[in-house]
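Trainee: The structure that follows is given in the form of structure tokens.
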Amino acid sequence: MQGKRILLGITGGIAAYKIAYLIRILKKQGAEVRAIMTPASSDFISPLVVSTLTENPVSIEFWNKQTGEWTNHVELALWADVLVIAPCTANTLAKMASGLCDNLLLATYFSMKAKTIIAPAMDLDMYQHPTVKRNMEALLGDGVQIIPATEGELASGLEGQGRMEEPEQIAQILSVFFQNEGKKSSSKTVLITAGPTHEAIDPVRFIGNHSSGKMGFELAHLSLSQGHSVILISGPSVLELTHPNLTLIRVQSAQDMFAAVQEHWNACHMGIFSAAVADYRPEVFAKQKIKKNEEDFILHLVKNPDILSWASAHRENGQLVVGFALETNNAEENALGKLDRKNLDYIILNEFIKDVSGFQSETNKITIFDKDKKAHVFPLKSKREVAQDILSVVLTIE
């Protein structure tokens, strides 16, 4: 980001305290940073702090009463290579979507010719409110890029989606934005499968696995943050994700997931198949709960459809196909065998390390093999960082 001119818009939300860290990161990466603060935001972060870190005066009002100078919002808009509004409150979001212009930041936004990127932050019920969703959809239609809020602990004490994305990730998203600047057809439609599948034995029992879906949801979150559209097909998972460019399809079984992939595959540019799909399902579903009457109980299983092989064999639009391999032994050999057998563009080897890497863990250790079997090896990282590594390799922009 050397020499890039980044204009930060800071609004009145508790997440404003994170902006000090974002400014430091951007400055270290060589960017020139200026900031506009709404009057309410100074209750959450000091203009002096922002000015000191950016090494530039902070603009708050149209008229600077101390210097007697007029702040020209048009000049600020023309100066910026990108406007980043973080945090973006529900109030500012609504004003942007409806055309209200009652402060310097909004006047600058409406004068922007370059890209605007926003990072919303609010309580979970506000973030899920239909009005907020409509406003985000309107802004997407206006060409604004939205970094979706993340899940976690909120200022209200509740847990859910509403936290502003972390400064390190916002900086990374900006880096990707500048890398892709001016490139043709940078926005993709990405199909992602996530989570386990549950194969019903009877009305109360199933065959499944320990997958949480976190890796797939992180991939979806980051793809959305980079301006792509995502079709996320998830097996049973407690995770949530909201974004106007997201189509979230909830399924239970491998057959359900297969049907959803078949329905949406032709509309996609690529597929990242991170779901832990059950290889087998019970041949017969018992309509009533099976009673514990016998000493032995034999369950006959039949093979589930191979979703990954089907997608690879049906690339009517030349889609890129990325598979996952969670291995406990002969890891590299098994992953490369899957790469060849299923004719994939990439295979992501996820090495199983109990309580450290794999299902239900917060971290993964991966190696990405391309079609030529070239290995991209990464150390143990958080799943958010792993998602970034995966997209940096496989989500090539033409």
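The values are calculated or read from the model by the stated rules, or taken from the named source; none is laboratory data. Treat the numbers as computed from the prediction; the structure is a model and nothing was measured. As a convention, Cβ positions derive from the backbone with ideal geometry for all residues, glycine included, and neighbour counts pool all protein chains shown.
Trainee: When both residues are 6+ apart or on different chains and their Cβ atoms are under 9 Å apart, which pairs have a first residue that lies in the stretch 320-346 and is farther than 15 Å from His376 by Cα, and a second that is β-branched (Val, Ile, Thr) and at pLDDT 95 or above?
Mentor: Leu320/Ile272; Val321/Ile272; Lys338/Ile347; Lys342/Val321; Asn343/Val321; Leu344/Val321; Leu344/Val322
Trainee: Follow-up. Looking at the structure I just gave you, is Leu139 of a type in the set (A, V, I, L, M, F, W, C) and either closer than 21 Å to Leu241 by Cβ or surrounded by 15 or more Cβ atoms within 10 Å (Cβ to Cβ) (or both)?
Mentor: Against the criterion (of a type in the set (A, V, I, L, M, F, W, C) and either closer than 21 Å to Leu241 by Cβ or surrounded by 15 or more Cβ atoms within 10 Å (Cβ to Cβ) (or both)), Leu139 qualifies.
Trainee: Next up: Residue under question is Gln145, and the condition is that it be of a type in the set (S, T, N, Q), surrounded by fewer than 23 Cβ atoms within 10 Å (Cβ to Cβ) and under 30 Å from Asn317 (Cα atoms); does it hold?
Mentor: When the stated conditions are applied, Gln145 passes them.
Trainee: Could you check Gly162 against (1) touching a strand residue (DSSP E or B) at 6+ places or on another chain (Cβ under 6 Å); (2) crowded, with 16+ Cβ neighbours inside 10 Å and say which number it fails?
Mentor: It fails just one condition, (1).
Trainee: A further question follows. Hey, any hits in the stretch 320-339 for a residue that's under 21 Å from Ile192 (Cα atoms) and either in a loop (DSSP other than H, G, I, E, B) or outside the structural domain of Tyr280 (by TED's automatic domain parsing) (or both)?
Mentor: no
Trainee: Criterion first (surrounded by 13 or more Cβ atoms within 10 Å (Cβ to Cβ), in the same structural domain as Thr108 (by TED's automatic domain parsing) and touching a strand residue (DSSP E or B) at 6+ places or on another chain (Cβ under 9 Å)) does Phe62 satisfy it?
Mentor: The answer is no for Phe62.
Trainee: Can you say whether Gly12 is more than 23 Å from Gly143 (Cβ to Cβ), without any contact (Cβ under 8 Å) to a residue 40 or more places away in the chain, under 28 Å from the mean Cα position of the chain (by Cα) and not in a helix (DSSP H, G or I), as far as the supplied structure shows?
Mentor: no
Trainee: Right, something else. Against the definition (closer than 16 Å to Ala254 by Cα and under 24 Å from the mean Cα position of the chain (by Cα)), how does Ser234 come out, yes or no?
Mentor: It is true that Ser234 is closer than 16 Å to Ala254 by Cα and under 24 Å from the mean Cα position of the chain (by Cα).
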